[in-house]
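Take a look at the structure below.
Nothing in this text is a laboratory measurement; each read-out follows from the coordinates by a stated rule. These numbers were taken from a predicted model, which means no experiment stands behind them. As a convention, Cβ positions derive from the backbone with ideal geometry for all residues, glycine included, and neighbour counts pool all protein chains shown.
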């Protein structure tokens, strides 16, 4: 009986069990996605922003009520960083989450200045273990950063 | 014995010196165009364009493939007075599209209902030895409650000479056909 009281007291202090998830446990960018035709049919309107130069960033969110699901992850959006007018491969991928309930119809905010464009996740509340969320940015030289770290340059070496 | 042989050689020499009407060539005298009985095979003799297309339902797209898709064009109809069916088409960029050997990606077609999470039926359309053209060469139409995507090669381009079109149809029962072959059903 005393043990039960002690257990209840600990639970009351600690609150509900919440795993201290790292970002990689709740948000993941698949950089080489296999996009099914069915996935394409479930996309909402794609939004583009110029990053300066000929570079751009785009976000095509999946409709929140019909996000593709694979292995327990839900797809939030297809993200592309690219260069207009040239046949160079875009960078980006599908952004997946384990917390789809935290995202509405517009899961990322897309912003631009004269020299860069940036997309940032917009959860309803900060994600446990991943308070800054996910971000991707491209500048007017084509350099792409993920979560503030260098990734690649569109169409060439960093 | 010698005279017939000489005569034969003379005939052969004359035939060989006659400029070819079709070849012309450097230094050949310009000739006025001659009326021709036929400019090529009659339309009925051309191969059918539809045989130069195929739909693949299980081939996923890479990010680059997706990047080369144009925005969707769609046509819709209402089934049983309640459910709206839509046939959509996204063409690949004319100059930058996926290829698979002799096959070039033409576009992505899909059909679906309007309910959230509704089933989707569709695939990637590929073509070989036809020129679709920068305009896409497609039409989306509603005819007698059925939805049609029609792809017609650009027959101004000689390699593409063929007759007819490739047709994808969504009928009122939600069955999708590609060139008359059932692809799937929207339940």
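Let a ≥ b ≥ c be the square roots of the eigenvalues of the Cα gyration tensor of chain A; is it rounded (a/c under 1.5), or, if not, prolate (a/b larger than b/c) or oblate?
On the way: a/c = 2.82, a/b = 2.06, b/c = 1.37.
The shape class here is prolate.
Given axes a ≥ b ≥ c from the Cα gyration tensor, I'd like to know whether segment A:109-156 is rounded (a/c under 1.5), prolate (a/b larger than b/c) or oblate. All intermediate terms of the calculation are to be shown ahead of the outcome.
Details: a/c = 3.81, a/b = 1.83, b/c = 2.08.
Since a/c reaches 1.5 but b/c is at least a/b, the shape of segment A:109-156 is classed as oblate.
Residue by residue through A:79-92, how many Cβ atoms from other chains fall within 10 Å of the Cβ on average? Walk me through the numbers before you get to the answer.
Details: counts 1, 4, 0, 3, 0, 0, 0, 1, 5, 3, 4, 6, 3, 3.
Rounded to a whole number, the mean comes out at 2.
Quick one: if the Förster radius is 35 Å, what FRET efficiency do residue B:56 and residue A:25 give, using the C-beta to C-beta distance and rounding to 0.05?
Numbers: r = 35 Å, r/R0 = 1.01.
Efficiency computed from Cβ-Cβ geometry: 0.50.
Shape verdict for segment B:50-185, please, from the Cα gyration tensor: rounded (a/c under 1.5), prolate (a/b greater than b/c) or oblate. Kindly include the intermediate steps, with their values, before the conclusion.
On the way: a/c = 2.01, a/b = 1.51, b/c = 1.33.
Prolate, since a/c reaches 1.5 and a/b exceeds b/c.
Using only Cα atoms and rounding to the nearest 10 degrees, what angle (0 to 90) does helix A:2-14 make with the longest principal axis of chain A?
Taking the Cα atoms of chain A, the angle to A:2-14 is about 30 degrees.
Compare the peptides A:125-131, B:106-112 by average per-residue count of other Cβ atoms within 10 angstrom and give them in order, highest first.
Numbers: A:125-131: 14.4, B:106-112: 25.9.
The densest-packed peptide leads the list: B:106-112, A:125-131.
How crowded by other chains is A:24-34, given as the mean number of beta carbons from other chains within 10 Å of each beta carbon?
Working: counts 0, 0, 0, 0, 0, 0, 1, 1, 2, 5, 5.
Average neighbour count from other chains, rounded to a whole number: 1.
Quantify how strongly other chains surround peptide B:180-187 by giving the mean number of their Cβ atoms within 10 Å of each of its Cβ atoms.
Working: counts 0, 0, 0, 0, 0, 0, 0, 0.
Mean partner shielding for this stretch: 0.
Output the relative contact order of segment B:50-185, whole-number percent, from Cα pairs under 8 angstrom with separation of 6+ residues.
Numbers: 294 pairs, mean separation 30.2, N = 136.
Across segment B:50-185, relative contact order equals 22 percent.
Normalised by the number of residues in segment B:64-121, what is the relative contact order in percent for Cα pairs under 8 Å and 6+ residues apart? Numbers along the way, then the final one.
Numbers: 91 pairs, mean separation 17.6, N = 58.
Relative contact order for segment B:64-121 comes out at 30 percent.
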